[in-house]
1. Counting only DSSP beta bridges with both residues in the chain, what percent are antiparallel, rounded to the nearest 5?
2. Could you state the per residue volume, in Å³, of the convex hull enclosing the Cα atoms of region 340-498?
3. Too long at a 25 Å Cα-Cα cut-off: which of K440/K602; K60/K153; K18/K141; K513/K582; K107/K221?
4. Amide H to amide H under 5 Å from D241: which residues, 5+ apart in sequence or cross-chain, H placed 1.01 Å off N in plane?
5. Once you place label points 7 Å from the Cα toward the Cβ at S247 and L59, how far apart are they in nm?
6. Put one equal scatterer on each alpha carbon of region 548-660, apply the Debye formula with no solvent term, and list log10 I(q)/I(0) at q = 0.12, 0.17 1/Å to two decimals.
7. Calculated FRET efficiency, S209 and E651, Cβ-Cβ r, R0 56 Å, to nearest 0.05?
8. Measure off 7 Å from each Cα along the Cα-to-Cβ vector at I636 and D264, then give the distance between these two points in nanometres to one decimal.
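Bear in mind these aren't lab numbers, they're just calculated from the coordinates by the rules spelled out. Small disclaimer: the values here were computed from a predicted structure and weren't measured. So basically every Cβ, Gly included, is an ideal-geometry build from the backbone, and we count neighbours across all protein chains shown.
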Amino acid sequence: MEKKPYYITTAIAYTSGKPHIGNSYEIVLADSIARFKRKEGYDVFFQTGTDEHGQKIELKAAEAGVSPKEFVDKVAGEIKAVCDCLNVSYDKFIRTTDPYHEKQIQKIFKRLYDQGDIYKGAYEGMYCTPCESFWTESQLKDGKCPDCGREVKPAKEEAYFFRMSKYADRLIEYINTHPEFIQPVSRKNEMMNNFLLPGLQDLCVSRTSFKWGIPVDFDDKHVVYVWLDALSNYITGIGYDADGNSSEQYKKYWPADLHLIGKDIVRFHTIYWPIFLMALGEPLPKQVFGHPWLLAGDGKMSKSLGNVLYADDLAAFFGVDAVRYFMIHEMPFENDGSISWSLMTERINTDLANVLGNLVNRTISMSNKYFGGIVENKNVTEPVDDELKAVATQCYGKVKAKMDELRVADAITEIFNLFKRCNKYIDETAPWVLAKDEAKKDRLATVLYNLTEGIIIGASLLEPYLPETAERIAAQLNTSLREFDTLGEFGLYPNANKVTDTPTPLFARLDIKDVMAEAERIAAIQKADAAREEGGSAEEEKPKDDGIDIEPKATITYDDFAKLQFQVGEILACEEVKKSRKLLCSQVKVGSKVLQIVSGIKSQYSPEEMVGKKVMVLTNLAPATLAGIESQGMLICAEDAEGALALMIPENPMPSGAEIC
């Protein structure tokens with residue numbers, strides 16, 4: 001059976017600079033939708049890319065002392081790298097400097113001119129360079145650009161115009177008869193009441209005051225203005241030809257199923273773009289969704305303040321899937337969301353490390369502890385099982401309903417409701433109590449099977465949003481992620497299958513002090529960069545370390561020091577020491593040996609976040625007994641004046657057992 005096509009696009013990113021986290025949100029949102037549709041069995045084509053022409057880029061290139069093409073090549077590379085860093089599964093990355101795109105734009109412009117939709121005139125008004133938009137005095141807001149709030153300047157130039165009013169009534173009728181076209185509904189009302197119903201002015205579609213654009217081939221004083229150039233990428237990227245020789249790919253995927261864009265450019269995508277398509281005789285996209293913004297703190301980001309959040313910085317520290325989860329989960333359907341280092345930490349510790357990570361770790365650990373890792377359904381059921389099974393088997397339907405409405409944050413919440421229900425099931429069934437009664441061994445096996453089945457159903461649904469995490473869960477359960485059409489059935493996990501011997505934590509709990517230290521480090525770098533760009537110095541902006549003084553110990557010789565053996569150790573497992581408020585007991589791999597080390601660091605680290613860390617270990621310390629447990633070495637920590645501790649870890653990846661000298 002042939003798959004049904006599904007074409008999704010993002011707005012193409014403007015190549016004036018590296019995108020911050022708010023710009024990156026859209027690509028992750030689109031990726032989750034594209035991956036979900038693929039899992040549903042659609043033949044998905046997912047396009048993103050870069051918008052590379054305009055006066056602003058011409059000016060920035062001149063400031064940088066390079067050609068516009070050199071400038072956009074560099075920035076387009078940065079934008080593509082951010083997409084790749086976030087594990088985005090796009091099928092096409094289009095650039096508006098691609099020769100095939102430029103050729104089609106010239107053909108589109110000429111066709112629209114020949115049929116009378118474009119005419120030559122002159123434009124006089126107030127011009128905003130950052131937005132590349134002309135405004136009348138009445139359109140200004142407090143004398144400034146109504147879109148960005150920046151200064152405008154008087155400008156007049158010869159230009160070609162598109163007859164927008166010719167198609168306005170037709171577009172109004174289309175919007176009224178296609179209620180799904182503009183989403184959310186609040187965006188539709190804004191477009192109708194603020195722009196369409198008051199009457200459309202003709203649109204400037206060429207410029208003569210700069211050269212960095214696609215030339216109008218029959219009038220080389222002019223270059224094609226931004227929106228006719230940029231918006232047409234949605235059709236040129238899949239093989240549209242203005243002469244009527246469009247590709248089979250174009251015929252297959254157009255009209256687009258979804259244009260996913262920021263709320264600030266809804267007007268261009270729901271008024272200008274549909275009218276251009278009407279003039280070309282092409283179908284309109286099925287839906288345009290204007291998503292809200294993801295803001296950092298109060299929304300005012302600048303390198304001089306040191307508060308610009310970049311996706312690659314966050315992914316390097318928190319992990320790619322942690323960043324994807326936050327961006328998808330924290331954005332309301334219509335209202336703006338907020339992101340910060342501290343909010344990221346809170347969400348990771350609660351949802352990812354606790355709800356999900358701890359669930360998977362506990363389930364696998366109990367299967368190993370009680371049954372040697374074998375997960376077997378003994379079919380010893382109790383009424384408490386029914387609710388877990390119902391939540392698990394109904395989860396896909398709930399997630400699909402949310403995704404069909406593009407309520408992606410609500411969809412991932414439904415999946416985590418399943419994980420929360422699995423955690424509740426552990427509390428209800430108390431496997432550790434069942435394990436004490438040999439007569440209840442089959443019931444215990446059934447409980448662990450039900451948990452494993454619930455987890456793999458949730459992981460299969462999680463794949464579009466957190467693809468790497470979903471695969472890691474499946475690998476630790478020694479199975480494959482499920483197809484969506486199987487998720488209504490409970491009990492498909494292979495009976496008597498064996499899970500991994502040693503579960504690897506999916507997400508480590510984070511210490512807010514470590515997180516904020518990283519935030520301050522990056523802020524210092526940004527401030528220094530901003531100062532250099534402005535020709536100043538950032539010395540005064542560097543974090544000041546006054547240091548602390550400690551009581552000196554007696555001087556030792558090198559021979560004394562040489563007796564101490566320091567090595568890199570990897571923490572395999574860690575647990576709290578009962579009846580102690582300070583101690584953790586860690587199993588530390590050092591080379592081929594495993595040392596048991598008791599440390600007084602419980603106030604700073606949880607057992608879960610210790611696992612997997614590479615640490616500095618004193619390995620030839622005489623064994624000692626602490627709280628009744630033998631300790632065979634020492635973990636090396638730093639301590640500040642307030643008593644806060646930090647484990648010493650290698651700056652670069654090092655194997656366990658490596659000597660520290």
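1. The antiparallel fraction comes to roughly 70 percent.
2. 108 Å³
3. The answer is K440/K602; K18/K141.
4. S246, S247
5. Each label point lies 7 Å from its Cα, and together they span 3.6 nm.
6. -0.44, -0.88
7. After rounding to 0.05, the efficiency reads 0.65.
8. With each label point 7 Å from Cα toward Cβ, the separation is 4.9 nm.
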